[in-house]
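Here's the structure we're looking at; comments come further down.
Readers should treat all values here as calculations from the given coordinates under stated rules, not as data from a laboratory. Just so it is clear, the structure is predicted and the values come from calculations on it, not from any experiment. Cβ placement follows ideal geometry from the backbone for every residue including glycine, while neighbour counts extend to all protein chains displayed.
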Amino acid sequence: MEFSEETLRKQLAKYKFRDLTIEELKNVVKIYPNFRFSMDTYTFKDGSLKDLLNFSGTIPVKYQGNSYNIPIHLWILDSHPFAPPICLLKPTVNMGISVGKHVDAHGRIYLPYLQNWSHPKSIIIGLIKEMIEKFEEELPLYSLSPSNEAGQLQLLSYITKIIGETDVDSKTIVGGQKKDIAFNKVTVIGAGDLGIACVLAIAAKGTADQVVLLDLSEGKAKGGTMDLDIFALPNVEISKDFSASADSKVVVVTVNSLGNAQSYLDVIQSNVDLFRGIVPAVAHYSQNSVLLVASHPVEIMTYVSWKLSGFPKSRVIGIGCNLDTERFQYIITNLLKAQAVGKEAWIIGEQGEDKVPAWSGSNSITSHQTEGVVNPNSQEQLANRATELLKGKGQKSWSVGLSIADLIESILRNKRKVHSISTLAKGFCNINSEVFLSMPCILGTDGVNEVINPLKEEELWVKKLQNSAASIHDLQQQLKL
């Protein structure tokens, strides 16, 4: 349909910023008069549908001395101009897609301009200009021979069915829909070694449709973030804007203050001050997310995040002793060959020197019945041997990143797997204060579904947990939230 402001105004009746959108499209048509618009139904990854403006046309590209008209279509989101369009190639049956840095096999277009979209600086004309520049470096389409056209028809049919599945560059949930579609977006806050390790591990798992790395450091991206930008991992976006985290399913906090604090209390307070500028912002942009804290000390910073976010306790968790537990279970099962009880062993309590080895008090947290009852002496011997083997392992960034990716997989896929993570421990083991300690938790889409008390009335273990809770609570009382 040719451009008609009156028709467009009617079609965009449900758009949040209709007038701004119309004015911008008018400017586009002045420069690219071949563009046409229509209201079409967009299919999202989970099969849900939404009527969006499909703005289609060709852009002129010069490549190796030849001129080409590259067909594209831009899906204009209902939150435009505050969210970037969804950009795809629109190949004809005699065109093939050249997969490259800026185009994937489905014709999805990736550009820095989309990743850095910010109104009012970012506009569609600017987007098209950058698209032309990138396509003149690497042509996105090629001419098919007649023998390949049948295959291209099949590909086009496939793209039609899955269109929208690779929409990963939008700063809000794809298509501007918020909370309505099953788009698995994860934001990692902090671009240090742990933050980058998390991004790589999450991307390797393949459970997230989009991973946003929120780099809050001052100055330009450097080191690992620069490398991520250079090599342009699919579905990974680097941003300094909190709005890029909007509608995340999981938000991982890895930042720690690098201030010149003298005492341990000052160090924690410095982190609290840092969190004051982070947690409320991400809670605002991702109100239904699970907040996963990896900053130190994890128990106290998880408590601080809970208070600052206003989220229910089930949706604020810390990485806790998950890595130690996975290693502990692996050692018992694979190195000490005690398969029957390996999955009933846990590291719980406070991360660090005060963590406690414990045993399951419920069969509900193991997928197999034990082959026999292991007496307490045998359990203690196994725990001691496994603990000795654990010593010196350390927690490197890449190891913690793998552990975090495992937690995220359990959340996004609603696996209801049991993890030893920092959760509100009040009410367990006669703990009466609001402190977070690692406990075996059933983890799903909404965070902690259930906390399982693993202790079989072992007084020594209970006492250790209570001492940790008292120490943590004393520190928390001295903090200024």
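Here are a few things to note about the model shown:
- At an R0 of 51 angstrom, the distance between the Cβ atoms of ASP51 and GLU450 translates into a FRET efficiency of 0.80.
- Within the shell of other residues whose beta carbon sits under 12 angstrom from the beta carbon of LEU12, the net charge comes to -2, with Lys and Arg scored +1 and Asp and Glu -1.
- Test item: Cα-centred dipole of the stretch 175-318, Lys/Arg +1 and Asp/Glu -1 on Cβ, debye: 420
- Full-stretch length increase - SER118, ASP474 - with 0.36 nm per residue and alpha-carbon distance subtracted: 123.8 nm
- FRET efficiency, 1/(1 + (r/R0)^6) with R0 41 Å, evaluated for ASP227 and ARG36 via beta carbons: 0.50
- Residues TRP75, TRP461, arranged from fewest to most other Cβ atoms within 10 angstrom of their Cβ, appear as TRP461, TRP75.
- The modelled label-to-label distance for the pair GLU130/ASP193, using points 7 Å beyond Cα in the direction of Cβ, is 3.2 nm.
- Length released on extending from ASN334 to GLU353, taking residue separation times 0.36 nm less the Cα-Cα span: 4.4 nm
- Inter-label distance, GLU138 to LYS463: 6.4 nm, where each label sits 7 Å from its Cα along the C-beta direction.
- Taking a Cβ cut-off of under 9 Å around LEU443, the surrounding Lys, Arg, Asp and Glu residues balance to a net charge of +3, with basic ones at +1 and acidic ones at -1.
- Each residue of the stretch 71-78 was assigned a 3J(HN,Hα) from its phi angle through the Karplus curve 6.51 cos²θ - 1.76 cosθ + 1.60 (θ = phi - 60°); the sequence is x, 9, 9, 10, 8, 8, 6, 6 Hz, with glycine and proline shown as x.
- Each of VAL451, VAL272 has some number of other Cβ atoms within 10 Å of its Cβ, and from fewest to most they run VAL451, VAL272.
- Sorting THR43, THR325 by the number of Cβ atoms found within 10 Å of their own Cβ, with the fewest placed first, yields THR43, THR325.
- Cut-off 12 Å between beta-carbons: net charge of the residues surrounding GLN351, Lys and Arg +1, Asp and Glu -1: -4
- Computed from label points 7 Å out along Cα-Cβ, the spacing between LYS415 and SER67 is 5.6 nm.
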